[in-house]
1. Can you run down the residue pairs with Cβ atoms below 7 Å, 6 or more apart or on separate chains, where the first is in segment 140-167 and touching a residue at least 40 places away in the same chain (Cβ under 8 Å) and the partner is in a strand (DSSP E or B) and surrounded by 16 or more Cβ atoms within 10 Å (Cβ to Cβ)?
2. Quick one: count up the residues across segment 174-192 that are open to solvent by 30 Å² or more (accessible area, probe 1.4 Å) and free of Cβ contacts under 8 Å to residues at least 40 places away in the same chain.
3. What number of residues within segment 131-160 satisfy the criterion of being of a type outside the set (S, T, N, Q), open to solvent by less than 30 Å² (accessible area, probe 1.4 Å) and farther than 18 Å from Ile234 by Cα?
4. Give Arg84, Arg92, Arg100, Arg44 a once-over and let me know the one that is touching a residue at least 12 places away in the same chain (Cβ under 8 Å), open to solvent by 70 Å² or more (accessible area, probe 1.4 Å) and not aliphatic (A, V, I, L, M).
5. Let me spell it out: the conditions are (1) assigned to a helix (DSSP H, G or I); (2) within 28 Å of Pro236 (Cβ to Cβ), and Arg164 meets all of them except one. Which number is the exception?
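The values are calculated or read from the model by the stated rules, or taken from the named source; none is laboratory data. Here the structure is a predicted model, which means the values were calculated and not measured. Cβ coordinates were reconstructed from backbone atoms using ideal geometry, including for glycine residues, and neighbour counts include every protein chain displayed. What goes into the accessible areas is simple: the full protein's heavy atoms, side chains included, and nothing from ligands, DNA or RNA. Shrake-Rupley method; radii C 1.70, N 1.55, O 1.52, S 1.80 Å.
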Amino acid sequence: MSRPDADPQDRDEAGSADPDASTAADGAPDPAPARGPEPADVRRMVEALLFAAAEPLDEKTLAERLPAGADLRGALRDLEADYRARGVNLLRVAGKWMFRTASDLAWLMAREAHETRRLSRPALETLAAIAYHQPVTRAEVEAIRGVGLSKGTLDVLLETGWVRMRGRRRTPGRPVTYGTSEAFLIHFGLDSLRDLPGLEELKGAGLLEGRIPPGFHVPMPTDDPALTPDEDPIEPGELADLLAADETDEPEPPDAT
């Protein structure tokens, strides 16, 4: 005897009574992928972190403070665009992120800013020589400038924190090598040394005037903080002595003005 067909509605209910039955037979269902926080929330978090920071923050530090799955780079990109036309801008300097007063409004801060000592022309020339030619020794700076360098000029640059002692050259006398610091990049709003102006930019700014000698070029400095093969590290405890004394005991000629 043939079995009568079940009511279609009964079949539907029977089929839908346990939707996970087949899944249970095959194993536990795959969990739904965890969703990260909403982009708007991530932007607010990043904005808060950068506003509260006393110094620029790198992406690794920011990422460590955000929830899992947060799109940090997307948030930074959006914030950078949002603040482009505001009174403060989001800038990447020295590979890190910070808010800074828009350059065209810097004059508003003039009364609040501490008066800073202007660098002398020898100090500016020395800073430029170090920035473009680093790692460089004092004797090499003198050769670049064509004039003797007083210890006081280097002292001023070391005090600003824009110049640092890197190591010692592997040559007779083992002279100290100098380079620029992260503070130099932050002060001048540079993401890296590659952002230093080139020859055409220097000419356009009026910093190179008159006839330029044939073959003159502006070198491309390196961003690598590691010592070069011809540099030795400064020994522990030696740095304080170097800061307190000159590289030689010979009297120095006065620097050009």
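1. Between residues of segment 140-167 that are touching a residue at least 40 places away in the same chain (Cβ under 8 Å) and residues that are in a strand (DSSP E or B) and surrounded by 16 or more Cβ atoms within 10 Å (Cβ to Cβ), the close pairs are Met165/Val176; Met165/Tyr178; Arg166/Thr177; Arg166/Tyr178; Arg166/Gly179; Arg166/Glu231; Gly167/Thr177; Gly167/Glu231.
2. 3
3. 5
4. Details: Arg84 fails: touching a residue at least 12 places away in the same chain (Cβ under 8 Å); Arg100 fails: open to solvent by 70 Å² or more (accessible area, probe 1.4 Å); Arg44 fails: touching a residue at least 12 places away in the same chain (Cβ under 8 Å).
Among Arg84, Arg92, Arg100, Arg44, only Arg92 is touching a residue at least 12 places away in the same chain (Cβ under 8 Å), open to solvent by 70 Å² or more (accessible area, probe 1.4 Å) and not aliphatic (A, V, I, L, M).
5. Condition (1) is where Arg164 drops out.
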